[in-house]
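Worksheet: one structure, shown below.
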Amino acid sequence: MFLQTQSIVTDNYAGWFDKVTDDNKAVYLDWTSNKYAQSKSISTDSSCAKLLQEWISFFKDKHLRIKYTKPKVIVQNSSVVKAIQILYSKLTENQIIAYLDQSKKLDPIEGIYESASYKLGVTKINDRQFHAVILSTTNQNWKIGEVKLVIQKVGSKYQGTFYEGDKSDQSEHEVQIVDNILDFDIVFYEKIYPAVKVKKDIVEYEMSKDRYAPSLIFQKDVAIWKFPSFENNANEQTEYLLKKYKEKLDTIPFWVLDFRNNSGGDYSIGLQLLEYIYTRPIVMYNTEMRMTKSNYDIWYKTFISNYYQSLDSVDKLKMDVRLNKMKANYDKMYNGDEKLTDTLLINNANLFPKKIALLINEQTVSSGELFTILAAQSDKVNVMGSNSGGMIDYGNVVNYSTNIAAIRIQLPTNRYLWLNEGKSIDKEGIKPAIYLTDSDWVEAAIKLIKSK
């Protein structure tokens, strides 16, 4: 297991050639030899994962890490692991609509619901059980007629079984109906039939339940944004906030962008704010990918495969040109842009806000740092707080499986080209223009941008 992990990192890690050099190779070999010797006496998966993480710490890259998944507790006296049984219904959408129209006493949970990926028909199976049948879906793992959710009624409350999108697992959740929303604890569906008198906005409802969702509040002449993450539904949620509050955002003079504890994700989510932030051309460093066959295969399967299958024949041919060029560069550091940087230009930047405080701290990492680097180039923006976490020199993380199912390797495949100019974010993090020591950073930031 140790040798497999060492081989995966050696052959595929984007930072390998920066981290193991002629100057430190002897130190690396000694470190590796010592950890390998220790691995021979290890007998449990958890201890193995811990040792591998110790070994991998040599590279000082927070994106490169060992992920250990603690096995689920197996019920005693159960020697056979049962496959998840997916139920099936022959009810069509028209039949469900007819049932809903003709039924004299529907349970509040019955109806037709939608999300971005599914349309579900929820109907009663017996007095205490309901099935949510798939009427349409964009998930290729599921078919029309399969039961996506099973709901039990206990008194006046509901409990539900949720089946994962890849059908690999199931989980139990508290379920509730809130006006037009079926709240399944981890997912939300909007009732579209029968009509509901009181309607909540499903995006706002999701955001109220999602601790990683962006938020926007107004304090007199200040708009205060908070971005805990650039993951999950943050893209749609940010778009929603910008649209809903556009009139106010177009004229408010001060912003606070709170990126403290931002855990990263897709930094382009933050670029939706760019028309408000922009004052002059923004330089964006490109990346190069360590183009090994295994890196390409995992990257394609993880990020590209579903998108590729959705393209029409013309767009597939265009994508094929790009993919074939990547494959022609196996065993090289590949820069598809063929240049160090690109420059981002905006013709119609907004006059407001006039001043922006962008807050960062040691838990601002990854794409949160990348967005900060771009935003800080605006004359409006003052970066405040403390040094960021330093977790961006290497990115585009993929997951490698190992011989032990509970252990995976998270491995960055891309290298930012600012490293070619002797710059590094990982060493110290991003240094703010103004260090804050006040107990309330938001209020301190507001005072500072108003005083300038």
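The values are calculated or read from the model by the stated rules, or taken from the named source; none is laboratory data. Computed from a predicted structure; not experimentally measured. With ideal geometry, Cβ positions are generated from the backbone for all residues, glycine too; neighbour counts draw on all protein chains shown. Surface areas here come from the heavy atoms of the whole protein model, side chains and all, with no ligands, DNA or RNA. Shrake-Rupley method; radii C 1.70, N 1.55, O 1.52, S 1.80 Å.
Summed over region 17-53, the residues that are surrounded by 16 or more Cβ atoms within 10 Å (Cβ to Cβ), of a type outside the set (D, E, K, R) and more than 19 Å from S401 (Cα to Cα) give a count of 3. One residue stands out in region 275-313 among those that are aliphatic (A, V, I, L, M), assigned to a helix (DSSP H, G or I) and at pLDDT 95 or above: the one that is nearest to G15 (Cα to Cα), namely I298.
Take L135 and decide whether it is in contact with a helix residue (DSSP H, G or I) (Cβ under 6 Å, 6 or more places away or on another chain), assigned to a strand (DSSP E or B), within 30 Å of V256 (Cβ to Cβ) and not basic (K, R). Judged against the criteria, L135 is not a match.
Regarding G145, is this residue in contact with a Phe, Trp or Tyr (Cβ under 9 Å, 6 or more places away or on another chain), open to solvent by less than 80 Å² (accessible area, probe 1.4 Å), of a type in the set (G, A, S) and within 22 Å of K209 (Cβ to Cβ)?
No, not satisfied.
With respect to the conditions (1) of a type in the set (D, E, K, R); (2) at pLDDT 95 or above; (3) part of a loop (DSSP other than H, G, I, E, B), K72 lacks only one, and its number is (2).
How many residues does region 181-219 hold that are in a loop (DSSP other than H, G, I, E, B), closer than 25 Å to N361 by Cβ and open to solvent by 70 Å² or more (accessible area, probe 1.4 Å)?
Selection size over region 181-219: 2.
Can you name the residue in region 239-255 that is without any contact (Cβ under 8 Å) to a residue 60 or more places away in the chain and either open to solvent by less than 20 Å² (accessible area, probe 1.4 Å) or not acidic (D, E) (or both) and is also farthest from Y394 (Cα to Cα) among such residues? Once the filter is applied, the top-ranked residue is K248. Applying the criterion of being in contact with a Lys or Arg (Cβ under 8 Å, 6 or more places away or on another chain) and of a type outside the set (D, E, K, R) to the residues of region 256-288, the residue that is surrounded by the most Cβ atoms within 10 Å (Cβ to Cβ) is I277. If the condition is being in contact with a Phe, Trp or Tyr (Cβ under 7 Å, 6 or more places away or on another chain), open to solvent by less than 20 Å² (accessible area, probe 1.4 Å) and not in a loop (DSSP other than H, G, I, E, B), then region 344-365 contributes I356, L358, L359, I360.
Quick grid of which residues meet (1) farther than 23 Å from M384 by Cβ; (2) at pLDDT below 95:
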{"site": "D221", "(1), (2)": "no, no"}
{"site": "E231", "(1), (2)": "yes, yes"}
{"site": "D250", "(1), (2)": "yes, no"}
{"site": "N261", "(1), (2)": "no, no"}
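In the set (1) under 20 Å from Q176 (Cβ atoms); (2) in contact with a helix residue (DSSP H, G or I) (Cβ under 6 Å, 6 or more places away or on another chain), the condition left unmet by I112 is number (2). Scanning region 434-443 for any residue that is acidic (D, E), open to solvent by 30 Å² or more (accessible area, probe 1.4 Å) and at pLDDT below 95 turns up at least one such residue. Scanning region 303-320 for residues being loosely packed, with under 13 Cβ neighbours inside 10 Å and either hydroxyl-bearing (S, T, Y) or closer than 24 Å to D393 by Cα (or both) gives a total of 5. For region 80-116, the candidate set comprises residues that are open to solvent by less than 50 Å² (accessible area, probe 1.4 Å) and small (G, A, S); within that set, the residue that is farthest from E164 (Cα to Cα) is S103.
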